Structure formats: C-alpha cells, structure tokens
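Q: Once you've had a glance at the structure underneath, I'll fire off some questions.
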Amino acid sequence: MASKRIAPSVLAADFANLQRDVEMINKSDADWFHIDIMDGVFVPNISFGMPVLRDIVKHATKTIDVHLMIVDPDRYIKTFADLGSNILTVHYEACIHLHRTLQAIKAEGMKAGVAINPHTNVNLLEDIINDIDLVCIMSVNPGFGGQSFIENTYKKVKQLREIIVRNNASTLIEIDGGVTNKNAKQLIDAGADVLVAGSFVFKSTDPNQTIKELKEIINT
C-alpha cells in the first residue's frame, strides 16, 4: 500500500516569514505543498495570487498542489501550469463543463483534481471518476482556515472510496479542513490518501514535529 501523504496548507503559514515556512516544509516529512487560491467571489475570502505562488515555487522542493477556489477556473489553467503547479484542483461547483476542464488541465501537463464542498454529493463524480487524479473533499466550508471539522466527512470518504474501487480508478482522496491528530487516523481508515493540515501545523509550537507526528499516525 502506498504511503499516505501530508500536505501542509500554506494559507496558514506566516506570510511575513513565508520563505522560512516554505523551507520548513521542504525539510519536514511533509509530501506536498497545498496552496489555496481564492478570488473573493467563489468563496468569501481572498488569499494570495500569482506572484506569491511564483515565489513559493521558487523555493519549494516538493509537489505543488494548487486548489483553486475561484469562478471560471478555465481562464487560468495555462497560467498555473506556467507557474509550476504539479496538481491543479478546480471546484465541481465552479465548472459547467467539468470533463473539458479536466482535459485542459492534463493537456498542460498537470494532474487534474476536483474539489467538492460539504453539501455536494460524491456520487456526482461517478461518471467522471476515471478522468480525475485527485478528489479534494472539503471537510469545512471553503474560504477560511481554522474551522471545525464536519463529521459527515467520514461517510463521504467511504462512499467515494467505493466509487473509485467500483470503477477501477486510481484517483487519490484528499481531505481539506479541520485535520488534526484526533481525526487523521480515522480519515485514513475511511479511505483517504492525502491530508491537508493548515492551522494544526502552523499554530503548533513546533510545526516540523507536528508534521512528523501526523505522518507517523497515518502510516502506522
């Protein structure tokens, strides 16, 4: 069984010391950089844009997992490829022609991800599951870090895992929101592959050690 991954969410980093936090992730046991791009329209918050992502990529030595919480993401697919994204995740709720969007992402040489909000049913992805490299299940309402984990997530992970197995797909399941050492193992046991951790990592006294402990929890 492939080892399970931890993807610290840069949204929770200290923006005044971004290079320091990026280098901490580089040196840590983390697997990916999870980077949220928000437009203030699709979600009620604005994060950072292209220049900050460019600077992160300049220093990062691990997979760049970009999560677009924006309307009309198709406009920016090539831009994010050019900036160095390895995985580009768009929201199911923001894409009118999801299949076409996924094909466009792959045409730019990136892995294609689909994120779903807490109210969106995973069964809506069944017809397209073989075209999706990663499904990001939002376990909080998107837009702000530090929210409480939504308990219904476990059920959604199990349902999605069944869909992946049934269709013989190789899709990864990523969980984003409210991940801590209290629910990490349960999420992995339900079928998750990648856990995004933001506030839990960066608000801890030793983020590097917190990542190490999370990694140990999910791979034992």
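The values are calculated or read from the model by the stated rules, or taken from the named source; none is laboratory data. Nothing here was measured: the structure is a model prediction, and the numbers come from that model. Cβ coordinates were reconstructed from backbone atoms using ideal geometry, including for glycine residues, and neighbour counts include every protein chain displayed.
Q: When you scan region 172-220 for helices (runs of 4 or more DSSP H) that lie fully inside it, which ones turn up with 3 or more residues that are in contact (Cβ under 8 Å) with a residue 60 or more places away in the chain?
A: Ranges flagged: 199-202, 207-218.
Q: Sticking with this structure for a sec: Which condition number in (1) surrounded by fewer than 15 Cβ atoms within 10 Å (Cβ to Cβ); (2) of a type in the set (Val, Ile, Thr); (3) under 17 Å from the mean Cα position of the chain (by Cα) is the one that Ile64 fails?
A: (1)
Q: Report yes if Lys27 is farther than 20 Å from Gly145 by Cα, touching a residue at least 40 places away in the same chain (Cβ under 8 Å) and exposed (fewer than 15 other Cβ atoms within 10 Å of the Cβ), otherwise no.
A: The answer is yes for Lys27.
Q: Which one of these is hydroxyl-bearing (Ser, Thr, Tyr), surrounded by 15 or more Cβ atoms within 10 Å (Cβ to Cβ) and modelled with pLDDT under 95: Ser47, Ser85?
A: Of Ser47, Ser85, the one residue that is hydroxyl-bearing (Ser, Thr, Tyr), surrounded by 15 or more Cβ atoms within 10 Å (Cβ to Cβ) and modelled with pLDDT under 95 is Ser47.
Q: Are any residues in region 41-94 among the charged types (D, E, K, R) and under 19 Å from Thr171 (Cβ atoms), and if so, which ones?
A: Asp65, Glu93
Q: Please enumerate the residues belonging to region 175-209 that are more than 18 Å from the chain's Cα centre (by Cα) and either among the charged types (D, E, K, R) or crowded, with 23+ Cβ neighbours inside 10 Å (or both).
A: Lys182, Asp189, Lys203, Asp206, listed by residue number.
Q: Further question on the same structure: Of the numbered conditions (1) surrounded by 17 or more Cβ atoms within 10 Å (Cβ to Cβ); (2) under 17 Å from the mean Cα position of the chain (by Cα); (3) part of a loop (DSSP other than H, G, I, E, B), Gly146 fails exactly one; give the number of that condition.
A: That leaves (1) as the condition not met.
Q: Just the residues that are surrounded by 17 or more Cβ atoms within 10 Å (Cβ to Cβ), within 14 Å of the chain's Cα centre (by Cα) and either β-branched (Val, Ile, Thr) or modelled with pLDDT under 95 (or both), please, taken from region 120-143.
A: Ile132, Val135, Ile137, Val140, Pro142, Gly143, listed by residue number.
Q: Which is surrounded by fewer than 23 Cβ atoms within 10 Å (Cβ to Cβ), more than 16 Å from Arg5 (Cα to Cα) and not polar (S, T, N, Q), of Ile163, Ile218?
A: Ile163
Q: Report the residue count in region 14-34 for those that are under 15 Å from the mean Cα position of the chain (by Cα) and part of a loop (DSSP other than H, G, I, E, B).
A: 2
Q: Can you tell me which residues in region 193-220 are of a type in the set (A, V, I, L, M) and touching an Asp or Glu at 6+ places or on another chain (Cβ under 7 Å)?
A: Val194, Val196, Ile211
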